[in-house]
Each structure stands twice: as C-alpha cells, then as structure tokens.
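Asks: Right, I'll just put the structure down here and ask away after.
The values are calculated or read from the model by the stated rules, or taken from the named source; none is laboratory data. Being a predicted model, the structure only gives us computed values, none of them experimental. Heads up, the Cβs are rebuilt from the backbone with ideal geometry, glycines too, and the neighbour counts pull from every protein chain shown. Heads up: the accessible areas ignore ligands, DNA and RNA and are worked out on the full protein's heavy atoms, side chains in. Shrake-Rupley method; radii C 1.70, N 1.55, O 1.52, S 1.80 Å.
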Amino acid sequence: MSDDDVQLEARLAEQEEFEPPAEFVEQANVSDAGIYDEFEENWPECWESAAEMLDWDEEYDQVLDDSNPPFYEWFTDGTLNASANCLDRHLEERGDEVAIEWIGEPTDEENRTFTYEELHREVNEFAASLREMGVGEGDIVTMYMPMVPELPIAMLACARIGAPHSVVFAGFSAEALATRMNSADSEYLVTCDGYYRRGDPLDHLDKANEGLSMVDHEVSDVVVVDRLGPNGDGFGHDLADNQSDYGELVEEQSGETVDPVGRDAEDMLFLMYTSGTTGQPKGVKHTTAGYLAWAAWTSHSVLDVKPDDTYFCAADIGWITGHSYIVYGPLALGTTSVMYEGTPDYPERDRLWEIIEEYEVNQLYTAPTAIRAFMKWGGEYPDRHDLSSLRLLGTVGEPINPRAWKWYYKHIGDESCPVVDTWWQTETGGMMVTTLPGVKNMKPGSAGPPLPGIDARIVDTNGEEVEAGRAGYLTVNKPWPGMLRTLYNNDERFIEEYWKEYSDVDSDDPDDWVYFPEDGAKIDDDGYITVLGRVDDVINVSGHRLGTMEIESAIVGVEGVAEAAVVGGDHDVKGEAVYAYVILEDGYEGDDEMHDRIVAGVEDAIGPIARPEGVVFTPELPKTRSGKIMRRLLEDIANEDELGDTSTLRNPDVVEDIRVKVQEE
Ligand code: 6R9
C-alpha cells in the first residue's frame, strides 16, 4: 500500500458516520427528509404511495383492515395480477428494454437476454402449458431450480394464472424438497436436469427424483428444464411418465397468450419455507398486493431503482432476497435485473466485477458473507475493473461489521456510493430497517432507522423500551403491507412464533399486538438500530437461516448417534458456522468414518450449506437440571470464549472436558 492508501485506511477506520454523496442525493428517488414525519402522521394511509406503484384491475376499498389482529389485511377488495404488473404494463413503453439479463456460469456460453416483450411471451407460453397440464387458480406449484431464467419465468407464469409458487433452494436436499412438497400438498414440480457449479455440471434431476420418491401424495406433473443441453453432460436422464420436457411444452404453446387472472389483493402470491425453532420448516405466506407493493416501494426508495437502470442482486432466487429483489421488485419497476448463475470466484475471483463493468451495473445488492470473502481475496480483483457505473451498494442477510462495510464502501463504491445495510426477513417480505440512501447519514455496522411508516422498537423481556446503547429485542409495533399473513395452514403456530411473546393474544385491539422477529438489537440516540443476531435456535450461515433442531435431527438420524447438540460458532467468511457435539451409542467409535457419516447425514437431510464445520464426540452434553441442553456454553467453546455461567448445570465438569477435547483437535 502507498502512503496515501495507508492514510486513507486510517481515516476510514476512524470515521463513524458517512454522509450520502451529494451527486447521489441530487438524483435520488427519495430525498425529502420530511417523509418520516409525513408517514407517521398519515399512517396507514401513507401506504397508498406503495399501492399506487401498482396497476389495479379494481381499486381497493380500505388501505388496512385491522379488525382481526394479527390477521391484518391490506388494500382490501382490490384486484390485480402480479405478472401483469411485472410485464404487461411495461410493454408499450419499455417492451424492447431488457427485463432479465441472464449470465451463465460457463464463460464460453452465450448470455440470454430477455426484453420485456420476450419475457412476456415466455411467461405466457409457460402459463399456457401449466393450464394445459391442469394447474388451476390456487394450486401450489413447487419449483426446485437453480439460477436459470426458467425459474423467474415459471414464477411469473404461476402468478399469471393465480397459482401460488413455492420455490425450494436448489442447494437443499431431496428430503428438504419432499418435506416442503408434503407440507404444501403440492402436486406440481418444475425442476431441471442439472446446472454448473465452479465449472462442473451437477446432476439435479437425480436429487429431484429422490425427493419425489419421498412425497406422500400423488404428484401429477413434473416439468424438467434442459439446462445442460442435448447430451446432458453425461447424466442421460430418461423422463418418467409424469415428467415432461419444458422446451417441448412451451413449443406446443408457441405464441399462446393467457389473460392474467384478476387476483384479490389478499390472495396468496407465494409460499416460502424458512427455518424456525422446531424441526419443521415454516411456510411463510405472502399475498399479491401487499407483498408486491412492498417489494416495489422498497426497491424504489431504498435501492433507488429506476427504469433505465441495470440492477444486480447477487442473491439466489431460492431465498426471499431473490424473490423480492431479483424478480418482483425490479420487474414491477420495469428495470433491467441481472441474474448470474454461478459463484463469484468462477473462473476467477473477479467475476462479479467483470459483470458489473461489462453491463454497466448501477446497483449491487449482496450479502456480508460475500463481502468478507471479497475482502479476504483482496482489492486487486475489483481494482482490475471499471466499476464507475455503480451508484448504490446494498447488503442483506446478517450483521455487517464496520470493517467489511468500509471495505465495500471504498473498494467497490470508490467512496461515492451510499451503502444501504438492509435488515429484513423472509416474513417481512421486504426491507424494514435501513437508511434511505438519499436522506440519511450512514453509520457502518448499524442498519439505520426503521423505514418511514415502520414502527420498530428495542425492548426488554417485559416489552419496555430499553435505553439507547443497551441490548434488547427488536419488535415491530405496527403492521405493514409486505408482512406475512400467516404460516401456511397453521394460524396457531403463526401466533405462537411471532406474536405471543409481546402481545396480548386475547385482545382485538391492534395496539396490543406486537410482531417479534426473534432478533436481538440495540438502538442509539439517533434512532439507528444495530441488529445483533438471532435470539432463537437459528444459525445464520452465510446469510442463510438454518434451524439447530433440523440439523440435530439429521445427526440423530445417523446410525450409532445417541444425541446431538448443534450451535453456531463465529466464522471468518460464513459469519456463523455449524458446530456439532455428538454422543454416540455404545459400541460406536468417534472416528473419521463416523465423522464423515454425520457430515453426509446432514448434507442428505438439508444440504451442503448445513455441513458441520466441526464435529466433537463427547460422552455427555452440558445440561440444566431440567434437562435442557445449554447451547450457550457450547457456543462459548466453539468460539473459544470465556465460559459463561455454569452454575445451573447438572454436570458442570463436562464443559471443561469438552473444551479440552476441542483444543486438542
Ligand atoms: C432477507 C433475509 C432473516 C434474518 C434476520 C436477521 C438476519 C438479515 C440483516 C440481518 C443484521 C441485516 N438479517 N438482514 N441481520 N443486519 N442487515 O435475510 O431473510 O433469510 O429470512 O433471514 O437474517 O437475523 O432475522 P431471512
């Protein structure tokens, strides 16, 4: 580093607050600081500004119906169609503009560019195929697909005919697919033959078929996208009787159009499964109007997306971030959304920077785990490229530490792009806590104030607001349009998981209902919120939520395992990594073979993302007198921290034994 660089690093390291760049503010979609007061005074009518971003078939009657909390309804009795909002309405003015710019992982492969006109055609043809297959309004269609263009096409085709989609992350296991199809009673699956990862073709259909064999009801149709080409890169799949080739299906519907079905504002647009405290994933239900309005409004206000932009969210559509900020938000606004199939380090560690330079990307939205990896790889990779088209940077998925924030700000944003650190969840549908980039100063490490119209607070266990600087629990005290409406087929669990903690569940006064996202947080004197992380048994690995119970039950499913406890330990790149403490049955040895079987068991049940970083065999687990595993202590061990209080343990010695063992390894 030159002396100048050293000075710059030193200045950045000390700076705690950053003003939005003047050039950005001048052109920002939102730059009037009055919006905060205005929304507060005018709540909930302020959310008409979000609804107005959509085209309605029939106007709604009421902005918010809060007569039956926590089952809130937004924009009641309005009707609209999400695919028409993402496609049809742009055709006249922007039909020839690019909607999706798809970039495959192999560098020798041609990109696929879809103008709004072309995307509209593809969506119509596939919607016609789904209809032909018998998919009707309300039927849940599961998608088990990697980042291929047919995924957003299939999502929008479903939206067009009023069939909710349920997208399962392609990296999830066969078992995870089956669990989700079973829970949703889904009779249709769209999947693909395979895809590329770091240059190698992966067999995906094999995994899908294995999942299908575990589905407990009849699956009437499976559509298989041919991603790997005619020779299938050697996998040579034969399609079963109920399976059809995507290409052939749409060929038969060539030129067909399907009128977008008018959906009630509150009709389900999609289900998305996410991990919770128990082993059973939660089916988060999102609606047509509230969700879409939320995705569009936040894309406009926070990501500053404009129709002429080229916008790049480097997430996977299999997660909520991809739903809201690759597909629905950007397309509702008529912009160009870049979709990249592969990993950021293939073929080289500058792939994203190469994409940004080539397509003159204006916004980049990614996760702290990726930023930490970029930081580790070094500034030389972005330095090779002209990134001056960038206007805004965003992060999501987990807390970002100030060092990584500043690296992103300097090396990617050249100190001229605001960074929005956006806190939100699968359940919230879109962003909730973050700075408005044209209005508020940024404070690295802190997400920022709640968005206008969002009433978020930091409270203690009694629900009383805590002083600035003190750690507490994040709550959201008023409903918002993008919120989940319930857990699929499980209103009781919906209340149990998100409301019970801080609400008077017998009251029908909405003021008595408080949403609890299960995150710890603190607030400063300016009302900026720093999110500290999950307070439930969820581990955040590379920004992906994994339930400890799910992993534990996978491990206990391995022959020879008696008991297991799983915790998250700090990890340089992943943020948190999975550490497993395992008790074996008599007669089994804690050797390499057992270790490998446990790792394989977890990969089979959930997917490689949940692979334990460490497996420790132990004769006992630290337990309270009532028999609860003290995961907190195991976390301390994993992090090599000072051990917390062990006085409530039934078996205090075991902790020391485990610690010695871990240190020896
Ligand atoms: C969008 C998404 C949600 C959980 C959430 C929190 C963590 C997300 C964050 C953040 C600190 C941020 N989280 N964004 N923590 N700062 N900017 O990630 O949804 O997969 O459901 O995860 O992620 O713990 O509760 P989801």
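Asks: Could you give every pair whose Cβ atoms fall below 8 Å, whose first residue belongs to the stretch 391-404 and is assigned by the TED database to the domain that holds Ser299 and hydroxyl-bearing (Ser, Thr, Tyr), and whose second residue is near the ligand (Cβ under 6 Å from one of its atoms) and part of a strand (DSSP E or B), counting only separations of at least 6 or pairs across chains?
Replies: Thr395/Asp421; Thr395/Thr422
Asks: Can you find, within the stretch 452-466, the residue that is modelled with the lowest pLDDT among those that are open to solvent by 50 Å² or more (accessible area, probe 1.4 Å) and of a type outside the set (Asp, Glu)?
Replies: Within the stretch 452-466, the match that is modelled with the lowest pLDDT is Thr461.
Asks: In addition: From the list Asp216, Asp221, exactly one residue is without any contact (Cβ under 8 Å) to a residue 40 or more places away in the chain, among the charged types (D, E, K, R) and in contact with a helix residue (DSSP H, G or I) (Cβ under 9 Å, 6 or more places away or on another chain). Which is it?
Replies: Values: Asp221 fails: without any contact (Cβ under 8 Å) to a residue 40 or more places away in the chain.
Of Asp216, Asp221, the one residue that is without any contact (Cβ under 8 Å) to a residue 40 or more places away in the chain, among the charged types (D, E, K, R) and in contact with a helix residue (DSSP H, G or I) (Cβ under 9 Å, 6 or more places away or on another chain) is Asp216.
Asks: If only one of Thr310, Thr288 is open to solvent by 20 Å² or more (accessible area, probe 1.4 Å) and among the β-branched types (Val, Ile, Thr), which one is it?
Replies: Exactly one of Thr310, Thr288 is open to solvent by 20 Å² or more (accessible area, probe 1.4 Å) and among the β-branched types (Val, Ile, Thr), namely Thr310.
Asks: Same structure again: State whether one or more residues within the stretch 416-424 are more than 15 Å from the ligand (Cβ to nearest atom) and of a type outside the set (A, V, I, L, M). Break it down into steps so the answer makes sense when it comes.
Replies: The first filter runs over the stretch 416-424 and keeps only residues more than 15 Å from the ligand (Cβ to nearest atom), leaving 416-417.
Then drop every residue that is not of a type outside the set (A, V, I, L, M), which leaves 416-417.
Yes - at least one qualifying residue is present in the stretch 416-424.
Asks: Within the stretch 311-320, track down each residue that is near the ligand (Cβ under 10 Å from one of its atoms) and either outside the structural domain of Ala370 (by the TED database) or more than 13 Å from Leu364 (Cα to Cα) (or both).
Replies: Initial filter on the stretch 311-320 (near the ligand (Cβ under 10 Å from one of its atoms)): 315, 319-320.
Hits for the stretch 311-320 are Trp319, Ile320.
Asks: Any residue in the stretch 571-583 that is at negative phi sitting within a Cβ distance under 6 Å of a residue that is of a type in the set (Lys, Arg)? List the pairs, counting only those 6 or more apart or interchain.
Replies: Qualifying pairs under 6 Å: Val573/Arg372.
Asks: What residue, of Gly394, Gly413, is open to solvent by less than 20 Å² (accessible area, probe 1.4 Å) and within 16 Å of the ligand (Cβ to nearest atom)?
Replies: Answer to the check: Gly394.
Asks: Considering only the stretch 321-355, state which residues are in contact with a Gly (Cβ under 9 Å, 6 or more places away or on another chain), part of a helix (DSSP H, G or I) and more than 16 Å from the ligand (Cβ to nearest atom).
Replies: Arg351
Asks: Another question about this same structure. Does Tyr581 count as in contact with a strand residue (DSSP E or B) (Cβ under 9 Å, 6 or more places away or on another chain), in the same structural domain as Leu634 (by the TED database) and at pLDDT 90 or above?
Replies: yes
Asks: On to the next question. Among the residues of the stretch 79-106, how many are touching a residue at least 40 places away in the same chain (Cβ under 8 Å) and under 19 Å from Glu360 (Cβ atoms)?
Replies: Number of matching residues: 8.
Asks: Here's another thing I want to ask about it. Kindly indicate whether Met431 is touching a residue at least 40 places away in the same chain (Cβ under 8 Å) and within 12 Å of the ligand (Cβ to nearest atom).
Replies: Criteria met by Met431.
Asks: Okay, moving on. Based on this model, can you work out whether Glu73 counts as within 27 Å of the chain's Cα centre (by Cα), in the same structural domain as Met483 (by the TED database) and surrounded by 20 or more Cβ atoms within 10 Å (Cβ to Cβ)? Please lay out each step first, then the result.
Replies: Numbers: within 27 Å of the chain's Cα centre (by Cα): yes; in the same structural domain as Met483 (by the TED database): yes; surrounded by 20 or more Cβ atoms within 10 Å (Cβ to Cβ): yes.
Yes, satisfied.
Asks: Mind checking whether some residue in the stretch 228-246 is closer than 19 Å to Met147 by Cα and modelled with pLDDT of 95 or more?
Replies: Yes, the conditions are met somewhere in the stretch 228-246.
Asks: Let me ask something else about it. List the helices (runs of 4 or more DSSP H) that sit entirely inside the stretch 356-430 and contain at least 2 residues that are within 25 Å of Ile529 (Cβ to Cβ). Reasoning before the result, please.
Replies: Details: elements: 368-377, 380-383, 402-407.
Where helices (runs of 4 or more DSSP H) fall fully within the stretch 356-430 and carry at least 2 residues being within 25 Å of Ile529 (Cβ to Cβ), they are 368-377, 402-407.
Asks: Does the stretch 159-189 hold any residues that are touching a residue at least 40 places away in the same chain (Cβ under 8 Å), buried (at least 22 other Cβ atoms within 10 Å of the Cβ) and farther than 27 Å from Val541 by Cβ, and which are they?
Replies: Of everything in the stretch 159-189, those that are touching a residue at least 40 places away in the same chain (Cβ under 8 Å), buried (at least 22 other Cβ atoms within 10 Å of the Cβ) and farther than 27 Å from Val541 by Cβ turn out to be Ala159, Arg160, Ile161, Gly162, Pro164, Tyr188.
Asks: I've got another one for you. Give Leu202, Leu228, Leu271 a once-over and let me know the one that is within 22 Å of Glu109 (Cβ to Cβ), part of a strand (DSSP E or B) and touching a strand residue (DSSP E or B) at 6+ places or on another chain (Cβ under 9 Å).
Replies: On the way: Leu228 fails: part of a strand (DSSP E or B); Leu271 fails: within 22 Å of Glu109 (Cβ to Cβ).
Going through Leu202, Leu228, Leu271 in turn, the sole match is Leu202.
Asks: Given (1) away from the ligand (no atom under 13 Å from the Cβ); (2) open to solvent by 10 Å² or more (accessible area, probe 1.4 Å); (3) under 18 Å from the mean Cα position of the chain (by Cα), identify the lone condition not met by Trp377.
Replies: (3)
Asks: Taking the condition in a helix (DSSP H, G or I), open to solvent by 20 Å² or more (accessible area, probe 1.4 Å) and not polar (S, T, N, Q), does Glu26 pass?
Replies: Criteria met by Glu26.
Asks: I would also like to ask the following. Of the conditions (1) out of contact with any His (no Cβ under 8 Å at 6 or more places or on another chain); (2) touching a residue at least 60 places away in the same chain (Cβ under 8 Å), Asn29 fails just one. Which one is it?
Replies: The single condition Asn29 does not satisfy is (1).
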